[in-house]
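See below for the structure under consideration.
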Amino acid sequence: MSLNLEDKKAVVAEVSARVAEAQTIVVAEYRGVQVSHLTELRKKAREQGVYLRVLKNTLVRRAVDGTPFAGLAEHMVGPLIYGMSADPVAAAKVLNDFARTNDKLALKAGCYAGKMLDLAGVQALASIPSRDELLAKLLGVMQAPVSGFAGCLAALAKQREEAAA
């Protein structure tokens, strides 16, 4: 079904708004992926806060024109699915994880902070822990000395009780 001019303008405006918020855009070819698998991918993307959509390449080219993501235009060929996220690693992680289990989805390129990424670059970006994972690790590191100190105090108190008895 083709879009009329007003529909195209609306799609370009919507994608432009998403691009303005995004830190990362990942492009993947989805030729041959079953609809049920794409539905599963969309569900995972929604859970991670990733805007995932199949779009006309010409409309996305217009949306990214004049942005740090303009370099992706040369990779916009064929049936593509676009993943955009404000979290620097979320889009790459969602698409890369899905591509590992489904050989029909082929990662093509990505762009992070104005830098173009090839397949290896997208995979490297996907391997970086997410913000939430890093915060959890930081919290664990910060709690370790406190819990260790509390353990030492408990052992010292027990030792003194035994000595007093």
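Brief remarks on what is shown
- As a proxy for reagent exposure, ranking SER127, SER36 by other Cβ atoms within 10 Å from fewest up yields SER36, SER127.
- Couplings for the stretch 58-73, taken from phi via the Karplus curve 6.51 cos²θ - 1.76 cosθ + 1.60 with θ = phi - 60°, read 5, 5, 5, 4, 5, 5, 8, 4, x, 10, x, 8, 4, x, 5, 4 Hz in order; Gly and Pro are left as x.
- In plain terms, the residue of VAL146, VAL19, VAL26 with the fewest other Cβ atoms within 10 Å comes first and the most crowded comes last, giving VAL146, VAL19, VAL26.
- Relative to one another, the C-alpha centroids of the stretch 37-60 and the stretch 106-165 are positioned 30 Å apart.
- Rounded to 10°, Cα long-axis angle of helix 35-48 versus longest principal axis of the chain: 50
- Between 0 and 90 degrees, the angle of helix 5-21 with respect to the longest Cα principal axis of the chain falls at about 30 degrees.
- A straight chain from ARG100 to ALA154 at 0.36 nm per residue would run longer than the Cα-Cα distance by 14.6 nm.
- Expected 222 nm ellipticity per residue - DSSP helices of 4 or more, -39500 (n - 2.57), all of the chain, to 500: -19000 deg cm²/dmol
- Here the convex hull built on the C-alpha positions of the stretch 1-132 has a volume of 103 cubic angstrom per residue.
Taken together, the values in this text are just the output of simple stated rules run on the coordinates, not laboratory data. Everything quoted here is computed from the prediction, not taken from an experiment. Here Cβ is always computed from backbone atoms with ideal geometry, including for glycine, and neighbour counts include all displayed protein chains.
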